[in-house]
1. So in segment 42-53, with the set limited to residues that are part of a helix (DSSP H, G or I) and exposed (fewer than 13 other Cβ atoms within 10 Å of the Cβ), which one is nearest to the chain's Cα centre (by Cα)?
2. For segment 1-15, which residues satisfy the criterion of being outside any loop (DSSP other than H, G, I, E, B) and not hydroxyl-bearing (S, T, Y)?
3. Output the residue which, of all residues in segment 34-53 that are at pLDDT below 95 and of a type in the set (G, A, S), is nearest to E71 (Cα to Cα).
4. Does A22 fit the bill of being in contact with a helix residue (DSSP H, G or I) (Cβ under 9 Å, 6 or more places away or on another chain) and either at pLDDT below 90 or small (G, A, S) (or both)?
5. Restricting to segment 57-97, and then to whatever is of a type in the set (A, V, I, L, M, F, W, C) and in contact with a helix residue (DSSP H, G or I) (Cβ under 7 Å, 6 or more places away or on another chain), can you tell me which residue is modelled with the lowest pLDDT?
6. Taking interchain pairs and intrachain pairs at least six residues apart, which have beta carbon atoms under 6 angstrom, with the first residue in segment 27-46 and in contact (Cβ under 8 Å) with a residue 12 or more places away in the chain and among the hydroxyl-bearing types (S, T, Y) and the second in a helix (DSSP H, G or I) and surrounded by 11 or more Cβ atoms within 10 Å (Cβ to Cβ)?
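The values are calculated or read from the model by the stated rules, or taken from the named source; none is laboratory data. These figures come from a predicted structure and were not determined experimentally. Here the Cβ is made from the backbone with ideal geometry for all residues, glycine too, and neighbour counts use every protein chain on show.
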Amino acid sequence: MHSLSEKLKRLKSCLRSWNRDAFGNLFDNICRAESKVEKQEIKSQSDQSEGQIQNLQQAQMELLWHLKNEEVFLQQKSRIRWLKEGYLNTYFFHAFL
């Protein structure tokens, strides 16, 4: 059993470093993507070329991807909280029975 816990600890550290390398800080990524979209929008107002429009669309898609990652993260976080704390409404309704 001791070796299993050691393996899980090593796996946890490997997964944390992979997560940091693959995704980085979700909230910082969103801020960077938003500023990139703003810059591309300003550039596209003065330059209506096809390349500039594609750059703007790419920046918007990147922002959307980061926002979806944030949404998944928050859903998982709320699900974990629900599992830890339990469903409090059940207690409320059972108290009236």
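1. From segment 42-53, those part of a helix (DSSP H, G or I) are 42-46, 50-53; that's our starting set.
Add one more test, that the residue is exposed (fewer than 13 other Cβ atoms within 10 Å of the Cβ), and what stays is 42, 45-46, 50-51.
Details: I42: 26, Q45: 30, S46: 33, E50: 31, G51: 29 Å.
Among residues in segment 42-53 that are part of a helix (DSSP H, G or I) and exposed (fewer than 13 other Cβ atoms within 10 Å of the Cβ), the one nearest to the chain's Cα centre (by Cα) is I42.
2. H2, L4, E6, K7, L8, K9, R10, L11, K12, C14, L15
3. Result: S44.
4. On the way: in contact with a helix residue (DSSP H, G or I) (Cβ under 9 Å, 6 or more places away or on another chain): no; either at pLDDT below 90 or small (G, A, S) (or both): yes.
So A22 does not fit the description; no.
5. It comes out as F73.
6. Listed pairs, sorted by first residue: S44/Q52; S44/L56.
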